[in-house]
Amino acid sequence: MALVIKDRVKETTTTTGTGTFNLAGAVSGFKSFDSVMTNNGVDTTYYCCTDNTNFEIGIGTFNDNGGSADTLTRDTVLASSTGSKIDWSSGTRTIFMTYPADKAVVEDASNNINGTFVGNITGNVTGSVSGSSGSTTGNAATATALASAVNINGVSFNGSGDITVTAAAGTLTGNTLNSTVTASSLTSLGTLASDLNVGGQDIINTGVSSADTHAGEYGSSSSPITFTVTVASKSGHPYQGDGSGLAYVINGVQAPALTLHGVDNVTSDSGYYYRFDQSDSSNSGHPLRFYLDADKTTEYTTGVTNSTQLGSPISPGSSGAYTQINVDEDTPNILYYQCSQHGYMGNYAIVLGSNKINHSEALISFPTATTTLVGTGTTDTLTNKTIDVDNNTVSNIEVDNFKASAIVLESEGIGSNDNDTSLPTSAAVKDYVDTQITAEDLDLTTDSGAIAIDLDSETLTVTGGTGIDTSASGNEVTISGSNASTSSKGIASFSSSDFSVSSGAVSIKSSGVSNTQLAGSIANSKLANDSVSFGGVSVDLGASDATPAFDLSDATNYPTSSLSGTITNAQLAGSIAASKLAGSIGDSKLSTISTAGKVALSALEIDGGTDVGADLVDADLIIVDDGAGGNNEKSELTRVKKYIYSAMSGDATASDAGAVTIANGAVETAMLANDAVDADKLASNAVVNASVASGAAIAFSKMESLTADRALISDGSGDLSVSAVTSTEIGHLDGVTSAIQTQLDAKTTATAASDEATALAIALG
């Protein structure tokens, strides 16, 4: 499937319902789907179909139907005006290629790509990728070094230059193997005389080294060593910054490296049991499991059990929740305890006494303590072993290295034991072949005789004949034919325009013999039919008809399907009786009847016709006589309606649309009943002041309610309105007999005189 997105691709469609779109051709100024989608039934695109009211956006597959209309299937609807596939009604719509907004990845003004992208990115990425939950592969165009340097065998490496790793230095210190050495670095193995230490941890078969402070000793199935597990935020975690931000805390220590005892010479071979208690509520949602690798590619389940209650698992964070493991000599030497739901919350645990070293999910089995490992410098003999020669090299093998019965040294051995599976030497093979060729000759049989050629002393000669040439080169003999001519034999070819050849059979094509290739004429007697018959009249080829126009009166058996052309009125003698007409004559077989009186009015029969069966509409047709012209014409009922309406005149008129209009002044007072005109019949602003009689009184109850308890004023337009003054404030003026300001001024003057007299009295003492 190929997704095609192109600009300016738009067509029309008249498809109805919810089925496949039929494409009706490109809109002017745009391209068709067919011009950009070449893989029929394979190419897909995003489409939008709309009638400017409803819309549908989805994914469709293009189909080129040859001479028929191209189609676009509606595979998946992404959005629509109804929320589902549109059931289109009749009409013409546009359908065009688009790119849905929820599929778009937007590049902003700073050339940064924003939005959510789901899928794979192929190619190089320049810049940083943030907020990604997936992975990004490829090369950054500006990358020159690792963001953080790493150590390789103690040497810092950031990718900016080459480093040389020398495995010999510091690889093995006493019995301690450096932690940087991997299994692929080991070229030979010898007998382990004492403890082997990897990365500071003992992993031998005999003895048990001291465990770290978080390792149990010899827990049994009934009394396992128990680790108390809680969950907290990472702080100094071995995988700080990787995976989850949470970490397992074992016995109060965050993600310790554990040492578990498998089996040794002190205890039985039953192994040891370790229980990881997850009863604490912080463990909720973090089931502890064991894996062969830190990134949890392969889970280890042998000897691992989880707590249950009445047959149902107990969830971490609940009372009694735990994960328990039985460790024995078959348990891989390194396991990782991690959360099954979140990454890198735990650490590794080393199993002491294990005879299996796991590296990259492959298990290497160590021999028991009573045997030794075979080294490359020893002369030990491998027995019961299979060597895959396809993937290994076995060198320096000589004849003496094989059993005598496995090799045939002389030809007699081949001849006397043809079915033996022994391997012959090259000398034996040559000796045998030479003896067989000397004793045999080449027998050759032909159509005219047989010969025997001694392969040692005679030569086989291949000779050509007339039109046949032979040649030899290397180990090939070529026999070829000469081109044929009118005077010599050879190989002839046939013109493909005149002949066809199939399986050795030659045939002349229907167009192979032309008139120019014929000498003279072909006699009529050489033709399959030397006469032609028309409607019972036979005419010999080369003769002439006595009546050039065939007389159809004797053509009683002439097939009506072969009649063509038009029988004109001049060819008819008189009129055609109704009895001569078989059935009815289709309208397509009749010319226009233009002469009056061809069909009498009395001959029209409508009683036997089929009723319309529905109400009449404007588009229905009737037949009318145009009167003065004397011609029958068809007319739509709209003309009849218009004629009736036009007859209305005077106080009321009617349009051909059916609207009736009453003339001004046509309705008199006497025509109106009392209270005939309701308020809802009056147009807005129809009643003006002049319409109210001078003696009429309008009750306050008929007026629009105003704000309660407010003084009335006239506003800027002279209309009645309310003021901010309340009726209470107006009441304060009750009893006032003169202007308030005059009274206030008098009060002010008297007060001032009194104050002055008081002041003078005080001053005088």
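With a cut-off of 13 Å between beta carbons, the residues surrounding residue 28 carry a summed charge of +2, where Lys and Arg count +1 and Asp and Glu -1. At full extension, residue 32 and residue 711 could sit 236.8 nm farther apart than now, given 0.36 nm per residue minus the alpha carbon distance.
Residue pairs exceeding 29 angstrom between C-alpha atoms, taken from 234/356; 10/85; 489/509; 385/430: 234/356; 385/430.
Please report the relative contact order for the range 707-748, taking Cα pairs under 8 Å with a sequence separation of at least 6, and give it as a percent rounded to a whole number. Intermediate values should be presented prior to the final figure.
Values: 29 pairs, mean separation 12.2, N = 42.
Relative contact order of the range 707-748: 29 percent.
Neighbour counts of C-beta atoms inside 10 Å place 705, 500 in the sequence 705, 500, starting with the fewest.
Sorting 44-54, 339-349 by average packing, meaning the other beta carbons within 10 Å per residue, from highest down gives 339-349, 44-54. Take every Cα pair under 8 Å whose residues are at least 6 apart in sequence, average their separation, divide by the length of the range 2-107, and the relative contact order is 33 percent. The order of 486, 305, going from fewest to most other C-beta atoms within 10 Å of their C-beta, is 486, 305. Ignoring lysines fewer than eight residues from residue 103 along the same chain, the ones with Cα atoms less than 16 angstrom from its Cα are 6. Using a cut-off of 18 Å between alpha-carbon atoms, which lysines can reach residue 642, once sequence neighbours fewer than 8 places away in the same chain are excluded? List returned: 634.
Arrange the following residues from fewest to most other Cβ atoms within 10 Å of their Cβ: 487, 496. Write out the running numbers ahead of the final one.
Working: 487 5, 496 9.
Ordered by Cβ neighbours within 10 Å, fewest first: 487, 496.
Between the amide H of residue 71 and those of 23, 63, 65, distances stay under 5 Å, these residues lying 5 or more places away or on another chain, with hydrogens modeled in the peptide plane.
If you stretched the chain out fully between residue 704 and residue 106, how much longer would it get, using 0.36 nm times the residue separation minus the C-alpha to C-alpha distance? Can you show the working numbers first?
On the way: separation 598, 0.36 × 598 = 215.28 nm, distance 6.01 nm.
Gain on extension, residue 704 to residue 106, equals 209.3 nm.
Extending 7 Å from Cα along the Cβ direction at residue 506 and again at residue 742 yields two label points whose distance is 15.1 nm. Sorting the segments 427-434, 155-162 by their mean number of nearby beta carbons within 10 angstrom, highest to lowest, gives 427-434, 155-162. When you count the other C-beta atoms within 10 angstrom of each residue and take the mean per peptide, 313-325, 229-241 line up highest first as 313-325, 229-241. Label sites at residue 8 and residue 463, each approximated as a point 7 angstrom past Cα along Cα to Cβ, lie 8.0 nm apart.
In whole Hz and in residue order, list the ³J(HN,Hα) couplings for the range 724-734 that follow from phi through the Karplus curve 6.51 cos²θ - 1.76 cosθ + 1.60, θ = phi - 60°; x for Gly and Pro. Each residue of the range 724-734 in turn: 7, 6, 8, 5, 5, 5, 5, x, 4, 8, 5 Hz. The Cβ shell under 12 Å around residue 341 holds other residues with a net charge of +2, Lys and Arg each +1, Asp and Glu each -1.
Every number in this text was worked out from the coordinates using simple rules, so none of it is lab data. Please read these numbers as outputs of a predicted model, since none were measured by experiment. Quick reminder, even Gly has a Cβ in these numbers, built from the backbone with ideal geometry, and neighbours come from all protein chains shown.
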